[in-house]
Amino acid sequence: MGKFIFITGGVVSSLGKGIAAASIGKLLEARGLKTTIIKCDPYLNVDPGTMNPFQHGEVYVTDDGAETDLDLGHYERFTKAYITKDSNITTGKIYYSVITKERRGDYLGKTVQIIPHITDEIKKSIIKASKAKDVDVTIVEIGGTVGDIESLPFLEAIRQLRWELGVNYALNIHVTLLPYIRSAGEQKTKPTQHSVGRLREIGLTADILLCRTERRITKEQRDKIALFCNVDKESVVEASDVKHIYEVPIALKKEGLDDLILKKLNIKRDDKDLKDWRNLVLKRLKSPQKDIKIAVVGKYIALPDAYKSIYEALVHGGIANNARVDIVKVDSQDFEKRSLASKLKDVSGILIPGGFGDRGIEGKIKAVKYARENNIPFFGICLGMQVATIEFARNVVGLKGANSTEFDVDTKNPVISLLEEQKEVHDMGASMRLGSYPCKLSEKTLSYKAYKKESIAERHRHRYEFNNIYKESFIEKGMTFSGVNPEKNLVEIIELKKHPWFVACQFHPEFKSKPDKSHPLFKNFIAAALEYKNKKDK
Ligand code: GLN
């Protein structure tokens, strides 16, 4: 049986527990341990797939087609761990399973209760996910903040698990905040004391306190926190703000967090430097030689988390090209009626990400037209491919009113539409093409040039598809269908012949990009943008 690290949060939300968990995974991996993560989300939705990105941020999709919390994206980007549908446990999922069992009569007439039935189900799900991955250490992040009513069953479940697993097999890292009160010129430890107190009330202790701070922790503060929170002084670990999330593992290593965890879990491994990662962060991420402006045109621009993986993948593409990517966020709704030209005139690449619903669609179509006509590198992703198709249909092929049936069910030219088999599905939670599907690339295309191979597999999350009856007329006008799903003959990637770099894909490449291994399409998109900029500057 592997060992467990439970991560809880105190004082306020948004302390970066997910980044902390991913960084801990990175540090343990560097020490030769195999790790995985489980994210427990205390909401009643079965998964975040049906939630508005404004509320929840991006929905991260796994290879096996689960719609999960975006924290799992951080984990895949920071580590080699393989994330699956079992990696995200929600209250909704747990209740769904318990109630299904109750209806089936599995509980043999017993009264079904939060303790033990809900907590047992949580424990079983955690153990199952951990065992399936056959890892040395499973990191379990409990969403929310200690003191929330809704996270109580999860905290009770980990209290029981810790007790059952025993010393050296489980530890609790509590991520907390030391707020700095400017007018008093002081960093306060009291909220942390209270939050550890809340943990104690429910029978949990903190083994390590990861203290988020703006300023250094003084010796006096460390002593005070240790004394009042029942932890040893070395277990009060400073986690100060850093400029970039990829610096966090380096900062935590400097504080000796990996040694501390190994000691508490009684695991012996040689120390390893994070040399490659350090190089990547300090040289290629923080002081690159070039810079480039890329526009992201979407409707959830106001919320940084809504396009998390897209923004990260652009940064990775920058790292691979020794360039800092400056992202210009363009709200497509603002440009439905007015021209985009002034907003886009300084950018060297335009990306349109995924999305649902017709808000802002005409603004996106305008952005495609601008990129196509001005030879600006263009990258369309999922809905981005669909709007690129609509734009081409209307303005190049001459199909009047061409649209997706998602936005106009009665359109005369449904260039994007549902597959026959999907038309009968009415359950929003499970009607999409989700997860990894194969794609075959044609040689001598930009896509083939990027991937350098014929067979690829990428993650999907959409309902609508390119309508194959329009294929021939599009080819005649200069579109190339460079990637196709070999089983169902579905269009996966489109390109334009008369354009330096115009690529749009039906899948989501952003989910498979990592800082030290940029996704090939993002890498080549940024390369094309740099080339465009060079030419323009001459
Ligand atoms: N709304 C589109 C569809 O369902 C695109 C989805 C997306 O971009 N993820 O097909």
Proximal charge balance of Asn403 [Cβ under 12 Å; K/R count +1, D/E count -1]: -3
Rg followed by Dmax, in Å, when the range 45-137 is reduced to its Cα trace: 15.1, 46
Pair-distance profile P(r), taking every C-alpha pair of the range 63-216, with 10 angstrom steps and integer %: 9, 32, 34, 18, 6, 1, 0
Farthest toward positive dipole pole in the range 2-91 [+1 Lys/Arg, -1 Asp/Glu at C-beta], among Ala20, Gln55, His74: Ala20
Residues listed by number, the range 43-79, amide nitrogen under 18 Å from Lys488 label point at 7 Å toward C-beta: 61-67
Measure of compaction for the range 1-78 (Cα Rg per 2.2 N^0.38 Å): 1.17
The range 426-524: projected area of the alpha-carbon convex hull, averaged over directions, in nm²: 7.3
Size of electric dipole in the range 95-229: Cβ of Lys, Arg +1 and of Asp, Glu -1, about Cα centre, debye, nearest 20: 220
J(HN,Hα) series, the range 496-506, from Karplus relation 6.51 cos²θ - 1.76 cosθ + 1.60, nearest Hz, glycine and proline x: 10, 5, 8, 7, x, 7, 10, 10, 9, 10, 7
Shape parameters for the range 245-308, alpha-carbon atoms, Rg then Dmax in Å: 17.6, 50
Helical contribution to [θ] at 222 nm, DSSP H n ≥ 4, -39,500 (n - 2.57), averaged over the chain, rounded to 500: -10000 deg cm²/dmol
Full-stretch length increase - Lys110, Ala457 - with 0.36 nm per residue and alpha-carbon distance subtracted: 120.3 nm
Relative contact order (%) - the chain, alpha-carbon pairs under 8 angstrom, separation at least six: 15
Surface/4 estimate of mean projected area, convex hull on alpha-carbon atoms of the chain, nm²: 27.6
Distance in nm between pseudo-label sites at Ser287 and Ser339 (7 Å out along the Cβ direction from Cα): 4.3
Over the range 304-436, relative contact order from alpha-carbon pairs under 8 Å, at least 6 apart, %: 16
Alpha carbon convex hull of the range 171-257, projected area averaged over orientations, nm²: 5.9
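A short reminder: the numbers here are calculations on the coordinates, not readings from a lab. A quick note: this is a predicted structure, and the numbers were derived from the prediction, not measured. Here Cβ is always computed from backbone atoms with ideal geometry, including for glycine, and neighbour counts include all displayed protein chains.
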